[in-house]
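Visitor: Take a look at this one; I'll ask things after.
A short reminder: the numbers here are calculations on the coordinates, not readings from a lab. Keep in mind the model is a prediction, meaning the values are calculated, not measured. As a convention, Cβ positions derive from the backbone with ideal geometry for all residues, glycine included, and neighbour counts pool all protein chains shown.
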């Protein structure tokens, strides 16, 4: 093959795209990984790397790198504040599913991309891909803003929630439906004593705000506006600031002297797209909407989706079939892995928005039952377990009892 031709081209080197390139390269395929910016580059996000994502990082050798370089902080204590202000804080030590790690995307994305390069993928930074055309011979021609071009048999679009490629090819037509903010708080300027706390004021539901601790006592304060509530994405900056200035729990935890950077925001595509495949094409990560509809967590699902995509592409090369019908197995694969749980998340989102008292009841039940009960909430919010967990009698009955008591 000519030097500008590849078996697979991946556009977008975030966790989804870079993980896909890593797994494809490990199969021995000739992989091109294109990234619009140069690493290290930032991405606005909550920075929470949950255990399922850590498993991918461990396999790539990235988790040990993050720990060695002091770029990640594992949570040991955290919790949530219910709509009525019930503080439900505890310890996550001893959690059999592991601990959440806070990592800046400045570090995380670069290290995953470099792992893909070590595995054999060709990483090209500063490649602003503007167009993709599927030729009659079944190969893609990609062109960037600076006139560079590449050819590949299969294209993986992992270029974010807005995904210029998915839109230009007509696979995705609707805009992203959620948004989140991020602002770092300087270490040593705040009073925050935990590792991570979610704030759930009634006016923000089903969205929420959160504070996560990073190395060197730095904090990430973020706000998520999720569809189904009273808040509109255009209100993000206003709501972010309102939390800092007026929410009693946030004010108490941060103290009066914290120094915080200017807020930055990012769009999210939630719950999965209806079709993440076409002839010679797969969508991965934010481009495919592989983000939990309630929590806004997407890193683990992007990496899980990347694994599903690489397996499907490997099968396509073995069969010599890159048609839409064959590649549709990718959609079935990631839906079985995690996409079906998104339906339950949507239901939970509706319940939280309409009945905030359920969160108050959950907080009171947790205060009564202790850390073991709190871990149920933590496991669900971090994607370690499905929302079905709350239907178990050992979890549902104490919450229902608290609802009854305070009705």
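Visitor: What's the angle, to the nearest 10 degrees (0 to 90), between helix 299-319's Cα axis and the longest principal axis of the chain?
Guide: It works out to around 30 degrees.
Visitor: Across bins of 10 angstrom width beginning at 0, how are the C-alpha pair distances of the stretch 178-268 distributed, in whole percent?
Guide: Each 10 Å bin holds this share of Cα pairs: 18, 54, 25, 3.
Visitor: Shifting gears a bit: Using the alpha carbon gyration tensor of the stretch 250-383, what are the three equivalent-ellipsoid semi-axes (square root of 5 times each eigenvalue), largest first, in whole Å? Numbers along the way, then the final one.
Guide: Numbers: eigenvalues 275, 72, 35 Å².
Calculated on Cα positions only, the semi-axes equal 37, 19, 13 Å.
Visitor: Once you've got the GNM for the chain with C-alpha springs shorter than 10 Å, pick whichever of 361, 113, 287 has the biggest mean-square fluctuation.
Guide: In this elastic network of the chain, the residue with the biggest mean-square fluctuation among 361, 113, 287 is 361.
Visitor: Oh, and also: What full-extension length gain, to one decimal in nm, is calculated for residue 237 and residue 337 as 0.36 nm per residue of separation minus the Cα-Cα distance? Spell out each step's value before the answer.
Guide: Details: separation 100, 0.36 × 100 = 36.00 nm, distance 3.47 nm.
Gain in length upon complete extension: 32.5 nm.
Visitor: Taking 0.36 nm per residue of sequence separation and subtracting the Cα-Cα distance, how much length would be gained by fully extending the chain between residue 133 and residue 261, in nm to one decimal? Walk me through the numbers before you get to the answer.
Guide: Values: separation 128, 0.36 × 128 = 46.08 nm, distance 4.14 nm.
Between residue 133 and residue 261, full extension yields an extra 41.9 nm.
Visitor: So what's the angle, to the nearest 10 degrees on a 0 to 90 scale, between helix 371-381 and the longest Cα principal axis of the chain?
Guide: Between helix and principal axis, roughly 40 degrees.
Visitor: Run through every distinct alpha carbon pair of the chain and return the Kirkwood hydrodynamic radius in angstroms, one decimal place. Could you put the intermediate results ahead of the total?
Guide: Values: mean 1/r = 0.0459 Å⁻¹.
Kirkwood radius, the chain: 21.8 Å.
Visitor: For the chain, set up a GNM with springs between Cα atoms under 10 Å and report which of 293, 83, 248 has the largest fluctuation.
Guide: 248
Visitor: Here's a follow-up. Within the stretch 70-85, what residues put their amide N at less than 17 Å from the label point 7 Å along the Cα-to-Cβ vector of residue 389?
Guide: 75-81
Visitor: Hey, could you get me the Stokes-Einstein D for the stretch 334-382, Kirkwood radius over alpha-carbon pairs, 25 °C and 0.890 mPa s, rounded to whole µm² s⁻¹?
Guide: Details: Rh = 12.1 Å.
Reported coefficient: 203 µm²/s.
Visitor: Run the numbers for residue 174 and residue 37: contour at 0.36 nm per residue of separation, minus the present Cα-Cα distance, in nm. Walk me through the intermediate numbers first.
Guide: Numbers: separation 137, 0.36 × 137 = 49.32 nm, distance 2.51 nm.
This chain segment gains 46.8 nm when fully extended.
Visitor: Given the options 238, 290, 164, which has the most mean-square fluctuation in a GNM of the chain, springs set between C-alpha atoms less than 10 angstrom apart?
Guide: For the chain, modelled as a Gaussian network with Cα springs under 10 Å, the answer is 238.
Visitor: Mind checking the angle between helix 340-354 and the chain's longest principal axis? C-alpha axes, 0 to 90 degrees, to the nearest 10.
Guide: The angle comes out near 40 degrees.
Visitor: How much of the DSSP beta bridge set in the chain is antiparallel, as a percent to the nearest 5?
Guide: Details: 42 of 63 bridges.
Within the chain, antiparallel bridges account for around 65 percent of the total.
Visitor: For the chain, calculate the relative contact order in percent as a whole number, restricting contacts to Cα pairs under 8 Å that are 6 or more residues apart. Don't skip to the answer; put the middle values down first.
Guide: Numbers: 866 pairs, mean separation 81.2, N = 407.
This gives 20 percent for the chain.
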